[in-house]
């Protein structure tokens with residue numbers, strides 16, 4: 001049986017203030033330092049097949065121990081024991097850090113701000129940052145407040161809800177870029193139909209499955 005849209009809209013009313021507060025935090029991210037923006041990128045590198053809360057805890061620990069911006073792979077790996085494939089993800093963090101380091105300083109903000117279109121920005125990150133795909137690139141761009149209600153973060157929670165509300169018939173075993181964009185467009189249409197913007201709908205679905213609003 002498909003889920004009741006009315007119940008979803010009622011839940012949206014209940015959660016809207018909390019969702020708006022979180023999205024405001026995201027929109028203010030580009031006022032933060034290069035290091036803070038990079039921490040968000042590192043977080044998104046750590047989330048695949050892992051709990052987001054665990055990934056963020058790991059990043060906070062790396063920052064507190066002065067390792068996220070200067071540590072070696074070997075120094076970072078122990079802090080990623082709370083996420084899956086921590087050794088690979090430590091390597092991804094180092095490679096991303098090297099890519100955005102200029103004159104011995106992380107300089108990622110100016111690069112990001114050279115893009116106008118969030119779709120083009122996602123394309124670049126998905127193609128050029130090892131460890132990021134369409135989902136993780138979308139997640140990063142949303143978390144730094146630049147998604148402009150155009151990007152879907154198609155993780156297991158979102159896909160489950162899209163199936164429950166008959167936006168998609170089945171959850172695909174794997175997501176090619178073509179399939180990702182196809183489902184993303186369906187989610188956009190659904191968000192228009194029910195009057196909940198994409199960025200809010202993503203957080204709403206995530207909260208509905210986990211019981212809380214996160215990032």
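We did not get these values from a lab; they are worked out from the coordinates using the rules stated. Being a predicted model, the structure only gives us computed values, none of them experimental. Reconstructed Cβ throughout: ideal geometry from the backbone, glycine too, with neighbour counts over all protein chains shown.
Considering every Cα-Cα pair within segment 80-188, what fraction, in whole percent, is farther apart than 21 Å? So the portion of pairs separated by more than 21 Å is 44 percent.
Look at 135, 16, 178 and count the other Cβ atoms within 10 Å of each Cβ; fewest to most, that gives 178, 16, 135. Any idea what angle helix 5-27 forms with the longest principal axis of the chain, computed on alpha-carbon atoms, 0 to 90 degrees, nearest 10? Helix 5-27 sits at roughly 20 degrees to that axis. The listed peptides 60-72, 194-206, ordered by packing as a protection proxy, come out as 194-206, 60-72 (highest mean of other Cβ atoms within 10 Å first). Just checking my list (1) -1.26; (2) -1.62; (3) -1.47 against log10 I(q)/I(0) by the Debye sum over Cα atoms at q = 0.19 Å⁻¹ computed from this structure; which label fits? Derived directly from the coordinates: (3).
Note: relative contact order over segment 32-114, using C-alpha pairs below 8 Å and six or more positions apart, is 34 percent. How big, on average over all directions, is the shadow cast by the Cα convex hull of segment 133-215, in nm²? Directional mean of the projected Cα hull area for segment 133-215 stands at 5.0 nm². Volume per residue of the convex hull around the Cα atoms, evaluated for segment 11-61, comes out as 94 Å³. Remark: spin-label model distance residue 72-residue 94 equals 0.8 nm, labels positioned 7 Å along the Cα→Cβ axis.
Between residue 36 and residue 194, the modelled label-to-label distance comes to 3.2 nm, taking each label 7 Å out from Cα in the direction of the beta carbon.
Compare the peptides 156-167, 140-151, 103-114 by average per-residue count of other Cβ atoms within 10 angstrom and give them in order, highest first. The partial results should precede the final answer.
Values: 156-167: 17.0, 140-151: 21.8, 103-114: 13.4.
Averaged packing, sorted descending, gives the order 140-151, 156-167, 103-114.
For segment 32-114, the alpha-carbon radius of gyration amounts to 1.01 times the rule-of-thumb value 2.2 N^0.38 Å expected for a compact globular protein.
Segment 158-196 and segment 82-124 have their alpha-carbon centroids 27 Å apart. Compute the acute angle (0 to 90°) between the alpha-carbon long axis of helix 118-128 and the principal axis of greatest extent of the alpha-carbon atoms of the chain; round to the nearest 10°. With both axes taken from Cα atoms, the answer is about 50 degrees.
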